[in-house]
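Okay, structure first, notes after.
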Amino acid sequence: MEVCGGQTHTIVKYGIDHLLPGEVELVHGPGCPVCVTSLEMIDKAHAIARCPDVIFCSFGDMLRVPGSEFDLLVLKSRGADVRVVYSPMDCLKIARANPGKKVVFFAIGFETTAPGNAMAVWQAHRQGIKNFSVLVSHVLVPPAMEAILQSPLNRVQGFLGPGHVCTVMGYHEYEPIAERYHVPIVVTGFEPMDLLEGVLMTLRQLEAGTAVVENQYPRVVKREGNQAAQDLVKKVFETCDRKWRGIGSIPRSGYRLREEFYEHDAERLFEVDKIDTQEPSVCISGLVLQGVKKPHDCPAFGKQCTPQHPLGATMVSAEGACAAYYAYGRHLEAGKKALQPV
Amino acid sequence: MCLAIPGKLVEISENAEGVRMGKANFGGIVKQVCLEYTPEVNMGDYVLVHVGFALSKVDEEEAVRTYKLLEAMEQLSELDDPEAEEPVAKDSPTRPPP
Ligand code: SF4
C-alpha cells in the first residue's frame, strides 16, 4: 500500500500498477487529507463561511468537496467571501488588511502541512493578529496505518511510507509499527522512479522475510526529520482523537490547537458543535481508503459518480484514488473488460 | 495536497515582522517561501517547498543518484524488446552499496 495520495496519483498516471508483475498488487491508502476530512468538519466550515463578516480561506482543493448540502464554491456563488490561498501565511496578510472582518483558515492536512499551519497561528499569536482563526482538522499517518493493520479486513503486506510526511516528522515513529505488525515500511518519494524503487525495496524485504523501515528518499528525508518544524508543531498543537471520513474515529490520530491558542480556534469562536451528517449510502470510499476495495469495485464509479458530480470525497480531490482512476481512464477500461467475452 | 516541490532559492530576506523569508524558482515561476524551518539553507540551494514553507534542503548527491537511476531506466527501455522483458525486470537498477 502506498500511503500518500500524491503517490497514488503518480502510480495511476504512469500506470506503474499495470507494469508490475501480477503477483504484486498496489492498494491505495488513506493519505489524501482532502478525502479524509470528515463530513462534519466540512459542514462546520460551511456554517462558518456563511457567517456575516467572515472571510473564509482555504486551499483550492477543498472548494469542491461536497458537504451535506453543497460545497464552498456554491457558497461563494451565493455571496459568501470564500478565498483560495496558496499558503496559510497569506491569511495573515488578509487579516491585517481587513481588521473589521474575521479571517478563518481551514487548516487541514497531514504532518506535512502542520508546520505551515502552526507557523501561521504562532505568528498571529506573536504579532497580536486577533481576527485570525483556524478551523483545525489535522490528521496523522502512523495511527491510520495501525488502524488499517488492526482491521480484520487488512490485506496490506508492505507499505510505501509517505515521503513528505517523513520529511517533517522523520521516520523513527514507523519503526515500532514495522516491528509490531511485522510489515516492511519503505519511506518513498513521488517520482515514478522513486515508486518503482520503493516497490523493489519492499519486495526484497518480503522475500527475505524482514520487516524494517528503510528510506528510499534520502535526498529529502532524514531519520530525525525537521526538528525546527516538529518543535513549533508541538508548541501549537496537541494530539486528539479524530474522525476520518469513510473510516470513523481513530484514537490520537489528529492535532487540535493547544489551550493557549484558543483565541485562534474557529471551532470555539463560532460554536458550530452540533452537526449531524449522513454519507451517500452507495459510496464505498471508506473501504477504498483502507485498501480493501478499488474504485472500480464501486457500482457508482464513472456512472453516477464522476469528478463533475462527486458522491464521495475520494472522487473530489485529484489525489483521491477514485479521481485518479477516473482521470486516467480506468472507468473506460472497466467497461471494456466487461464487454469482452470470457 | 501533500505534494511538495523542489525549487531553487534565489533570494533570502527577513520581512517586517522578523520572519525569515525567501524566494524560490520553480522552473521559471518564482514564489515566496518561508525559511524559518530551514535555517541552514543558502542562496542557490534546492529546497522542498510545501504550502509556502521550505521543509528540507534537497541533498544534491542523493538527487544525482536518483537521476542516474532514471537514466538507467531509460536506457533499459531503449533496449526493450519482448524477449528482453524478463532480464530487464531482474536487472532493475539497485542501490549502490553504501
Ligand atoms: S466512485 Fe464515488 S461513490 Fe464510488 S467509492 Fe469512489 S467516491 Fe464513493
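The values are calculated or read from the model by the stated rules, or taken from the named source; none is laboratory data. These numbers come from a predicted model, not from an experiment. Cβ sites come from the backbone with ideal geometry, for glycine too, and all protein chains shown count toward neighbours.
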Restricting the range A:180-220 to residues that are small (Gly, Ala, Ser) and assigned to a helix (DSSP H, G or I), which is nearest to the other protein chains (Cβ to nearest Cβ)? A:GLY198
Just checking, which of A:LEU75, A:LEU26 is touching a residue at least 24 places away in the same chain (Cβ under 8 Å) and farther than 20 Å from A:ASP194 by Cβ? A:LEU75
Suppose the filter is in contact with an Asp or Glu (Cβ under 8 Å, 6 or more places away or on another chain), more than 14 Å from chain B (Cβ to nearest Cβ) and within 9 Å of the ligand (Cβ to nearest atom); does A:ILE275 pass it? no
Does A:ASP17 meet the test of being in a helix (DSSP H, G or I), without any contact (Cβ under 8 Å) to a residue 12 or more places away in the chain and either within 14 Å of another protein chain (Cβ to nearest Cβ) or surrounded by 17 or more Cβ atoms within 10 Å (Cβ to Cβ) (or both)? yes
Within the range A:130-167, of all residues that are more than 10 Å from every other protein chain (Cβ to nearest Cβ) and β-branched (Val, Ile, Thr), the one surrounded by the fewest Cβ atoms within 10 Å (Cβ to Cβ) is A:VAL156
Does A:PRO251 qualify as being modelled with pLDDT of 90 or more and crowded, with 16+ Cβ neighbours inside 10 Å? no
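Of the residues A:ARG180, A:ARG155, which is charged (D, E, K, R) and closer than 20 Å to A:VAL36 by Cβ?
From the options A:ARG180, A:ARG155, the qualifying one is A:ARG155.
Select from the range A:24-46 the residues that are small (Gly, Ala, Ser) and away from chain B (no Cβ under 14 Å) and write down the one among them that is nearest to A:LEU287 (Cα to Cα).
Looking at residues that are small (Gly, Ala, Ser) and away from chain B (no Cβ under 14 Å), I get A:SER38.
From A:ILE42, A:ILE55, which residue is surrounded by 20 or more Cβ atoms within 10 Å (Cβ to Cβ) and in a helix (DSSP H, G or I)?
A:ILE42
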Here the residues within the range A:92-129 that are surrounded by fewer than 18 Cβ atoms within 10 Å (Cβ to Cβ) and within 9 Å of chain B (Cβ to nearest Cβ) are A:ARG126, A:GLN127
